[in-house]
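**Student:** A single structure is presented below for examination.
The values are calculated or read from the model by the stated rules, or taken from the named source; none is laboratory data. Quick caveat: nothing in here was measured; it's all calculated off a predicted structure. Quick reminder, even Gly has a Cβ in these numbers, built from the backbone with ideal geometry, and neighbours come from all protein chains shown. Please note that ligands, DNA and RNA were not included when accessible areas were found on the heavy atoms of the full protein model with its side chains. Shrake-Rupley method; radii C 1.70, N 1.55, O 1.52, S 1.80 Å.
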Amino acid sequence: MSLILLVADGARFDTIDAGTRAGQSASLPSLARLRAEGALYPVTTAFPSVTGVAYAPFLTGRFPGPSGLPGLRWYDRAHTRCRRFPYARSYLGAEMRHLDEDLDPSHPTLFELAPSRWNAMSMLGRGTARGERLGRDVRTLARAAYTHWSGDVGGWIKLDEYVARVSTAHIVEHRPAFACIALLGLDKASHSEGHESPLARRALAGIDAAVGQLRAAVERAGMWDDTHLWIVSDHGHSLVHAHDDLAALVRESGHRVLAHPWLFTRGAEVAVMVSGNAMAHLYVELERRERAGWIALRERWDPLVRTLLARDSVDMVMLPLDDTRTEVRTRDRGSATIVAVNGRYSYSTIDGDPLGLGLELANVTATDAYEALVGSAYPDAIVQIAQLSSSARSGDIIVSAAPGWDFREKWEPVKHASAHGSLHRDQMLVPLLTNRTVRGIPRRTTDVMPSALHLLGLPGARDLDGESFL
Ligand SMILES: [Zn+2]
């Protein structure tokens, strides 16, 4: 058996669902055919719902927090990964190459475990050598960099075609046990024009055509019966009507701020690290080499949290108290505490119900915590807040944006008419389309990796956050 994992970067569940309904009129005919033979599930990605970071779940079976990847941008308080001033990481641009090494080395990726592999365009690619990947060669990198910095979204859609064509030829010729193909055009088109725009529809049609051609080639090569094709996404998208520059806000509150692209602020007090751009980590008291926990910071920094919560752009603020407890605050829905100990989760009110759960939970499993929130505006938020908050690399204050908002005013080569990164349903819910029926119930993108191990006949891995759906 072999597995092809196609990442339709930035695809929303409802978009794929609507385009693949049975009948002649399906707007995504190749995907609709797969769905008719297999199944389509809504699953949750991980918080923060951003590219690269949110690839860790399906490639390693673990959440971003325990994987050591708290965001697309983060501040390395411990100075262990960023050894020089200003100790700030951004996986956009040249530092993308550090993603593989920042990822917890004690847990292997699917690329490392599979007997043979192919990686096209996944930023996370640990375990692939030259000849087994596309996207790190000079030609593709130069093309991607040019397309990125020129803001030419049509260029990304053309790049998808190229990536799909090269990958299809490679798969048929070399027959890798595991192939990951990431198509990025839909994400770029959605950022630029919105996920329902003609440009996004064009990118989606391109994905459908690529899947059709891949399938036809695999069938011609007599490999289809032994091939599983799973299509997944790393995050959803939702329209942004206004930007609220968090770095500027913190600066206006009287603090010296370290934020991209202005990194060389001497004596900075707060690092503002935005991802996606609908979430952010704020790190305070940067001279501390270990996270202090909110209780030690409360007296001095509570006014900043109140300033954040007064903004329409801020939906939820999370304050890690220690390695197991997190306070969740909102402006209008009150506060609650989330506790995670040994895979058991509790949610108890302080003065409200910020997640809109309608009840408290005590010592439930990750699956029960999932089921409690699956239909809500914040699917899987209890487990997702806990996993991110537990990371020593996360901020002292974690912020999730309200629908319609993001946290960066400018500095993006592609216009951001749409965002992701937050805990909100529109950004957390993603599709998982399988070309055959499966026995279990896929819930999270972390379930993909253990299922892939099962499919490839490989031994299970330890300490995973996902479960096999096969
Ligand atoms: Zn993405």
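**Student:** Using the per-residue mean of other Cβ atoms lying within 10 Å as a proxy for protection, in what order, highest first, do the peptides 81-87, 234-240, 274-280, 443-449 fall?
**Tutor:** Descending packing order for the listed peptides: 274-280, 443-449, 234-240, 81-87.
**Student:** Another question, then. Return the carbon/sulfur percentage of the accessible area of segment 364-423, one whole number, probe 1.4 Å, all protein chains in place. Working shown, then result.
**Tutor:** Numbers: 910 of 1600 Å².
Using a 1.4 Å probe with all protein chains present, segment 364-423 comes out at 57 percent carbon and sulfur.
**Student:** Please report, largest first and rounded to whole Å, the three semi-axes of the ellipsoid equivalent to the chain, where each semi-axis is the square root of five times an eigenvalue of the C-alpha gyration tensor. Working shown, then result.
**Tutor:** Numbers: eigenvalues 242, 114, 90 Å².
Each semi-axis is √(5λ); the values are 35, 24, 21 Å.
**Student:** Where only protein heavy atoms count, and the probe is 1.4 Å, what is the accessible area per residue for segment 407-470 in Å²? Display every interim value, and only then the final one.
**Tutor:** On the way: 2560 Å² over 64 residues.
On a per-residue basis, segment 407-470 sits at 40 Å².
**Student:** Let me ask something else about it. Counting each DSSP H run of 4 or more residues in the chain as -39500 (n - 2.57), what helix-only mean residue ellipticity at 222 nm follows after dividing by all residues, to the nearest 500 deg cm²/dmol?
**Tutor:** Working: 16 runs with 152 residues, N = 470.
Helices in the chain give a 222 nm mean residue ellipticity of -9500 deg cm²/dmol.
**Student:** With a ≥ b ≥ c the root eigenvalues of the C-alpha gyration tensor of segment 135-177, is it rounded (a/c under 1.5), prolate (a/b larger than b/c) or oblate?
**Tutor:** Numbers: a/c = 4.05, a/b = 2.10, b/c = 1.93.
Verdict is prolate for segment 135-177.
**Student:** Divide the volume of the convex hull of the Cα atoms of segment 152-202 by its number of residues and quote the answer in cubic angstrom per residue.
**Tutor:** Values: hull volume 3.5 nm³, N = 51.
Spread over its residues, the Cα hull of segment 152-202 gives 68 Å³ apiece.
**Student:** Whole number in Å², please: accessible area per residue of segment 220-285, 1.4 Å probe, ligands, DNA and RNA not counted. Can you show the working numbers first?
**Tutor:** Working: 2370 Å² over 66 residues.
With the other protein chains kept in place, segment 220-285 gives 36 Å² per residue.
**Student:** Any chance you could list P(r) for segment 298-369, counting all Cα-Cα pairs in 10 angstrom bins from zero, rounded to whole %?
**Tutor:** Spelled out bin by bin, segment 298-369 gives 20, 48, 26, 6 percent.
**Student:** Give the carbon-plus-sulfur fraction of the accessible surface of segment 9-64 in %, rounded to a whole number; probe 1.4 Å, heavy atoms of protein chains only.
**Tutor:** Numbers: 860 of 1710 Å².
That fraction is 50 percent.
**Student:** Moving to a separate point now. Mind checking the per residue accessible area of segment 35-83 for me, 1.4 Å probe, whole number of Å²?
**Tutor:** Values: 1010 Å² over 49 residues.
I get 21 Å² per residue for this part.
**Student:** Still on this structure: Given R₀ = 35 Å, FRET efficiency for residue 348-residue 436 by Cβ-Cβ distance, to 0.05? Could you put the intermediate results ahead of the total?
**Tutor:** Values: r = 42 Å, r/R0 = 1.20.
Calculated transfer efficiency: 0.25.
**Student:** Could you tell me what percent of the DSSP beta bridges with both partners in the chain are antiparallel, to the nearest 5? Mind dumping the intermediate values first?
**Tutor:** Details: 47 of 71 bridges.
For the chain, the DSSP antiparallel bridge percentage is about 65.
**Student:** Using a Debye calculation, one point per C-alpha and no hydration shell, please list log10 I(q)/I(0) for segment 17-116 at q = 0.11, 0.16, 0.23 Å⁻¹ in order.
**Tutor:** The calculated log intensity ratios at q = 0.11, 0.16, 0.23 Å⁻¹ are -0.49, -0.79, -1.12.
**Student:** As an exercise, identify the trypsin sites (Lys or Arg not before Pro) in segment 198-301 lying in DSSP coil whose Cβ has no more than 12 other Cβ atoms within 10 Å. Write down the numbers at each step before the final one.
**Tutor:** On the way: sites: 201, 202, 215, 220, 251, 256, 266, 288, 289, 291, 298, 300; in loops: 256, 266, 288, 289, 291.
Loop-located and lightly packed - 266, 289.
**Student:** Something else about it: Once phi is turned into θ = phi - 60°, what whole-Hz ³J(HN,Hα) does the Karplus curve with 6.51, -1.76 and 1.60 give for every residue of segment 339-350, x standing for Gly and Pro?
**Tutor:** 10, 10, 9, 6, x, 10, 10, 10, 9, 10, 6, 9
**Student:** Here is a further query. Quick one, could you list the DSSP H helices from the chain stretching 27 Å or more along their long axis (Cα atoms) with average Kyte-Doolittle hydropathy of -0.5 or above?
**Tutor:** On the way: long enough: 153-174 (31 Å, 0.15); 198-220 (33 Å, 0.26).
Going by DSSP H runs, the hits are 153-174, 198-220.
**Student:** Residue by residue through segment 121-129, which ³J(HN,Hα) values in whole Hz follow from phi under the Karplus form 6.51 cos²θ - 1.76 cosθ + 1.60 (θ = phi - 60°), with glycine and proline marked x?
**Tutor:** Using θ = phi - 60°, the values come out as 6, 6, 4, 8, x, 4, x, 10, 9 Hz.
**Student:** Work from the charge dipole of the chain (Cβ charges, +1 for Lys and Arg, -1 for Asp and Glu, about the Cα centre) and give the residue of 39, 184, 28 farthest towards its positive end.
**Tutor:** Of the candidates, 184 comes out farthest on the positive side.
**Student:** Further, regarding this structure: Over segment 425-467, with every protein chain in place, what whole percent of the accessible area is carbon and sulfur at 1.4 Å, could you tell me?
**Tutor:** Working: 790 of 1780 Å².
It is 45 percent, rounded to a whole number.
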